[in-house]
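Right, one structure below, let's go through it.
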Amino acid sequence: MSRKKLIEQLKKKNPQINQSEIEKLLDIFSESIHNSLKNKDNVEIRGFGSFYSKILKENFNARNPSTNDLIYKPDRIKLRFRPSKNLKKIINK
C-alpha cells in the first residue's frame, strides 16, 4: 500500500480530520520510528509487530559472482520486522 492510498483510507474512516493533519501525523509517526532505529532502539507496536536492527558481521570471503574476485564487506546494519501473533492470524485467514 502506498502512502497516498493510506492517507485516502484514513480520510474515509475519519472525515472530520483534514488531509494535511493526516499527512503530518504520518510524518511524525515515521520520523519517530526512524529516530529510535537510528539510536539502536527497538520499536514495538502492539497488535502489529516490532522493528529491530541487526548488525551483520564483516565478511572477508565474499565473492563477486561475475568476476569471481574476493570482496570485503564491512559491518552493516540490517532492519528486521517481526509480525505479531494477531497480524499473523489476520493474514493467514
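Observations on the structure shown:
- Formal net charge of residues neighbouring residue 75 (Cβ-Cβ distance under 12 Å; K, R +1; D, E -1): +4
- Mean separation of Cα contacts under 8 Å, 6 or more apart, over the residue count of segment 42-93: relative contact order %: 40
- Note on the chain: with a GNM built from Cα contacts shorter than 10 Å, the maximum mean-square fluctuation among 70, 37, 79 falls on 70.
- Here the dipole of the chain is about 560 debye; that uses its Cα centre as origin and unit charges on the Cβ of Lys and Arg (positive) and Asp and Glu (negative).
- Loop-resident sites, the chain, for GluC sites (Glu not before Pro), counting at most 13 other Cβ within 10 Å (DSSP): 58
- Length gained when the stretch residue 14-residue 41 is fully extended (0.36 nm per residue, less Cα-Cα span): 6.6 nm
- Whole-angstrom Cα spans of segment 42-93 along principal axes, big to small: 46, 25, 10
- Rounded to the nearest 0.05, the FRET efficiency derived from the C-beta distance between residue 34 and residue 5 at R0 = 25 Å is 0.75.
- Structure-derived semi-axes √(5λ) of the Cα gyration tensor in Å - corresponding label in (1) 36, 12, 8; (2) 37, 17, 15; (3) 18, 14, 12: (2)
- Qualifying trypsin sites (Lys or Arg not before Pro) for segment 1-55 [loop in DSSP, other Cβ within 10 Å: at most 12]: 40, 46
- Taking all Cα pairs closer than 8 Å and separated by 6 or more residues, the relative contact order of the chain comes to 20 percent.
- Computed lengthening from residue 26 to residue 52, 0.36 nm per intervening residue step minus Cα-Cα distance: 7.4 nm
- Helix 19-38 axis, angle to the chain major axis (alpha carbon atoms, nearest 10°): 30
- With Cα atoms, 0 to 90° folded angle of helix 3-13 axis to the chain main axis: 30
- For segment 5-93, applying the loop criterion from DSSP together with a ceiling of 14 other beta carbons within 10 Å to the chymotrypsin sites (Phe, Trp or Tyr not before Pro) yields 48.
No lab work stands behind these numbers, since they all come straight from the coordinates. If you're wondering where the values come from, they're calculated on a predicted model, not measured in any experiment. We place every Cβ from the backbone using ideal geometry, glycine too, and count neighbours over all the protein chains shown.
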